[in-house]
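Please read the structure below before turning to the comments.
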Amino acid sequence: MWCWRLHRLVTSLLFLSPRVLSYTPLSENTLLHLLPQPKTADFDIHTGNLLAPILIPRVPGTPGSQIVRQHFADFFHQSLPEWSLTFQNSTSKTPTHGDTEVPFVNVVATRDPPWMQPGNIGRLTFVAHYDSKYKPDGFIGATDSAAPCAMIMHAMRAIDGALTKKWEAAQAQGDIDVDLEEYKGIQVLFLDGEEAFKDWTATDSIYGARALAEEWEHTPNPATSTYKNRLDSIDLFVLLDLLGSPEDLPIPSWQHSSHWSYVKMAEAEERLRKLGLFKSKAGRTWLPEKDKKETDVFNSYFMQDDHLPFIARGVHVLHLIPSRFPSVWHKITDDGEHLDIPTVEDWALLTTVFAAEYMELEGFFERSKDTKVKRHADVISKTEL
């Protein structure tokens, strides 16, 4: 994930026209009383239902990789049974394995409105890589990217009931022949092989992302479909990486064509902070470039990461990665003990809010025992009395 200048892409990216989609902010009542909140039971580094099973070495082709993949499969089968789960397989030689073909397995989970044909639905897509580095031995990669995987898992589970309620209401009212912007699908990609085995190059990196983007580009939908292929149906590719550090690491708005989505997430962060719903220590905003104008010059440097083969094919990307990497980056200390769990939970909440607002789920959340929350600011004020 070094920075490089993509000379051939810069000009074309600046003139990409993003798909204009409706987006409905959640009400204060929903944020405070209805939205499922991240829980320590899910994010404890030793026993957390979502995070702990990922905090192991998970080099592609090893038992650790299979264990984590099974964790994802169990999660979707047990917690999100309405989702479709598939695996995309590829193999490749690497600089460290000689003539041996290393297997790479991408996890693809999708949920669409039940009345829509797959080729006719655009999808909000959340992405993180689940592999860890080949060296040093025992490397875990908690920020890179075990924690982002767990954040996405929480967000998808938190909005699933509201998705069901919205789509059931639409079917009951016969309101299913409206324009495609009204009903969108949602998708998760847990990608394998992001890390280089030796030194980051165009061929020793993002193995899974390259294989998936190429396969989806060349697998057409039926001729009458709205979207020509699976790649074309990605409305927005939201990539989470290097998140969960206790350090103050702001994230810039990397892409001109997706700046509108950066603004929406920044506004959500601002509301969550004002409502006292974040647990992490107060500091600089994570997304400080909300007021950047569409006419401003955007940084012409792009981070090397899993989005590259997708953005090269015209996919709009919201890249949530800090411009300055955590101090534990690619060190053996990038482990559970060096995560800031309140920050991890806050990112899980922000991801949930963005997903819910993009999918326009206001009015479809129901109160449950898991959504009775106190404002963090209130808790602090009471303990200080």
Local net charge near F104, Cβ-Cβ under 15 Å (Lys/Arg +1, Asp/Glu -1): -4
Two-site FRET efficiency, T295 against K165, from Cβ-Cβ distance with R₀ of 41 Å, rounded to 0.05: 0.55
State, to one decimal in nm², a quarter of the convex hull surface area for the C-alpha atoms of the range 47-122, i.e. the direction-averaged projected area. 6.9 nm²
The FRET efficiency for H33 and L85, from their Cβ-Cβ distance with R0 = 35 Å and rounded to 0.05, is 0.65
Which values of log₁₀ I(q)/I(0), to two decimal places, follow from the Debye formula for the range 187-244 at q = 0.15, 0.29, 0.31 Å⁻¹ with a uniform point scatterer at every Cα? -0.57, -1.21, -1.25
Binned at 20 Å from zero, the C-alpha pair distances of the chain give percents of 29, 61, 10, 0
Would you mind checking which residues have amide H under 5 Å from T226's amide H? H placed 1.01 Å from N; only 5 or more apart, or other chain. N120
Tell me, what ³J(HN,Hα) does each residue in the range 199-208 have, in order and in whole Hz, if you take phi through Karplus 6.51 cos²θ - 1.76 cosθ + 1.60 with θ = phi - 60° and put x for Gly and Pro? 10, 5, 9, 5, 9, 10, 4, 5, 4, x
Mind listing the phi-derived Karplus ³J(HN,Hα) values for the range 223-235, rounded to whole Hz, using 6.51, -1.76 and 1.60 with θ = phi - 60°, and x for any glycine or proline? 4, 8, 6, 5, 10, 5, 7, 4, 5, 5, 7, 6, 6
Near the amide H of I234, under 5 Å away, which other amide H atoms are found, from residues 5 or more places off or on another chain, if H is placed in the peptide plane? R123
Calculate the FRET efficiency for Y23 and E270 from the Cβ-Cβ distance with a Förster distance of 22 Å, rounded to the nearest 0.05. 0.90
Tell me the label-point distance for the pair A73, A202, using the 7 Å Cα-to-Cβ offset, in nm and rounded to one decimal. 3.6 nm
At K281 and R313, where each label point lies 7 Å from the Cα along Cα→Cβ, what is the point-to-point distance in nanometres? 4.3 nm
Return the Rg/Rh value of the range 91-176, two decimal places, where both radii are evaluated on C-alpha atoms and Rh is the Kirkwood radius. 1.15
Pairs K133/K264; K133/K184; K184/K274; K264/K331; K165/K228; K39/K228: which are spaced more than 31 Å apart, C-alpha to C-alpha? K133/K264; K133/K184; K264/K331; K39/K228
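Each reported figure results from applying straightforward, stated rules to the coordinates on display, with no laboratory input. Everything numeric in this text was worked out from a predicted model, so none of it was measured. Methodologically, a virtual Cβ is constructed for each residue, glycine included, from the backbone with ideal geometry; neighbour enumeration extends over all protein chains shown.
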